[in-house]
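K.L.:
After the structure tokens below, expect a handful of questions from me.
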Amino acid sequence: MNAASARPACDRRFTWAYVYSAIHPATGDDFTLVMPTVSTEAMCIFLEGFGASLPPDVHAVLVLEQAGWHGAKALRIPTNITLVPLPPCSPELNPIERVWLHLRDRYLSHRLLDDYNAIADACCAAWNALTADRETLRSLSAFPWLQKVNSWGGRYHRFES
């Protein structure tokens, strides 16, 4: 018996859920969707919902990394949102990365879930538990360089995605 045939059968099929979120670091306010795909169309759905959730006199600045779907030509960006891409290969500048790490470490790691609905439910439960404590969400997402951006004033609200 060779080594390859000695290995147990393994199911390599996976089901994923993706959490799209915008967080206001100063307040802990958020807009979040859990979706089954990551794509330009999913990003358009997120941006449309986020834009619609903003008060009429607010323009949001959304800081995000340069994932392909964040800057695709087909992306439909609402007029009350401006996207500001971070430099390439700089996840340490993106405050949302600390939020994702906290979410995985505290709520979502080492779990086996049956299907997409169970995964989406777990993501929603984890997100709701995290956002119930606005101070933790604020402390995770409030980077010092963002406070400089906030000091510019105006009716702009900065969110991280």
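The values are calculated or read from the model by the stated rules, or taken from the named source; none is laboratory data. Owing to the predicted nature of the structure, the values given are computational and were not obtained by experimental measurement. Neighbour counts are summed over all protein chains in view; Cβ atoms, including those assigned to glycine, are modelled from backbone coordinates with ideal geometry.
K.L.:
State whether one or more residues within region 134-149 are modelled with pLDDT of 90 or more and touching a helix residue (DSSP H, G or I) at 6+ places or on another chain (Cβ under 6 Å).
P.N.:
Step one: of region 134-149, the residues modelled with pLDDT of 90 or more are none.
Looking for residues that are modelled with pLDDT of 90 or more and touching a helix residue (DSSP H, G or I) at 6+ places or on another chain (Cβ under 6 Å), one finds none in region 134-149, hence no.
K.L.:
Residue check: is ALA52 outside any loop (DSSP other than H, G, I, E, B) and modelled with pLDDT of 85 or more?
P.N.:
Values: outside any loop (DSSP other than H, G, I, E, B): yes; modelled with pLDDT of 85 or more: yes.
Judged against the criteria, ALA52 is a match.
K.L.:
Out of the residues in region 66-75 meeting the condition of being surrounded by 12 or more Cβ atoms within 10 Å (Cβ to Cβ) and touching a helix residue (DSSP H, G or I) at 6+ places or on another chain (Cβ under 7 Å), tell me which one is nearest to LEU140 (Cα to Cα). Before you say what the answer is, go through the steps one by one.
P.N.:
Of region 66-75, the ones surrounded by 12 or more Cβ atoms within 10 Å (Cβ to Cβ) are 66-67, 69-72, 75.
Cutting the leftovers down to touching a helix residue (DSSP H, G or I) at 6+ places or on another chain (Cβ under 7 Å) gives us 69-70, 72, 75.
Values: TRP69: 24, HIS70: 22, ALA72: 28, LEU75: 28 Å.
Here the answer is HIS70.
K.L.:
When the residues of region 112-125 are narrowed to those that are of a type outside the set (Gly, Ala, Ser) and surrounded by 11 or more Cβ atoms within 10 Å (Cβ to Cβ), which ends up modelled with the lowest pLDDT?
P.N.:
First, pick out the residues of region 112-125 that are of a type outside the set (Gly, Ala, Ser): 112-117, 119, 121, 123-124.
Restricting the remaining residues to those that are surrounded by 11 or more Cβ atoms within 10 Å (Cβ to Cβ) gives 113, 116-117, 119, 121, 123-124.
Values: LEU113: 85, TYR116: 90, ASN117: 92, ILE119: 91, ASP121: 94, CYS123: 92, CYS124: 94.
Result: LEU113.
K.L.:
PRO78 - would you say it is over 29 Å from ASP115 (Cα atoms), modelled with pLDDT under 85 and either surrounded by 14 or more Cβ atoms within 10 Å (Cβ to Cβ) or in contact with a Leu (Cβ under 9 Å, 6 or more places away or on another chain) (or both)? Don't jump to the end; show me each part of the working.
P.N.:
Working: over 29 Å from ASP115 (Cα atoms): yes; modelled with pLDDT under 85: no; either surrounded by 14 or more Cβ atoms within 10 Å (Cβ to Cβ) or in contact with a Leu (Cβ under 9 Å, 6 or more places away or on another chain) (or both): yes.
Answer is no for this residue.
K.L.:
Please list, ordered by first then second residue, the pairs with beta carbon atoms under 7 Å, 6 or more apart or interchain, first in region 32-58 and without any contact (Cβ under 8 Å) to a residue 40 or more places away in the chain and closer than 14 Å to PRO78 by Cα, second part of a loop (DSSP other than H, G, I, E, B) and polar (S, T, N, Q).
P.N.:
GLY51/ASN80
K.L.:
For region 91-102, does any single residue satisfy the condition of being more than 15 Å from the chain's Cα centre (by Cα), crowded, with 16+ Cβ neighbours inside 10 Å and either at pLDDT 90 or above or charged (D, E, K, R) (or both)?
P.N.:
Just the residues of region 91-102 that are more than 15 Å from the chain's Cα centre (by Cα), to begin with: none.
Checking region 91-102: not a single residue is more than 15 Å from the chain's Cα centre (by Cα), crowded, with 16+ Cβ neighbours inside 10 Å and either at pLDDT 90 or above or charged (D, E, K, R) (or both).
K.L.:
In the set VAL58, VAL84, VAL63, which member is surrounded by fewer than 16 Cβ atoms within 10 Å (Cβ to Cβ) and out of contact with any His (no Cβ under 7 Å at 6 or more places or on another chain)?
P.N.:
Values: VAL58 fails: out of contact with any His (no Cβ under 7 Å at 6 or more places or on another chain); VAL63 fails: surrounded by fewer than 16 Cβ atoms within 10 Å (Cβ to Cβ).
None of the other options fit; the residue is VAL84.
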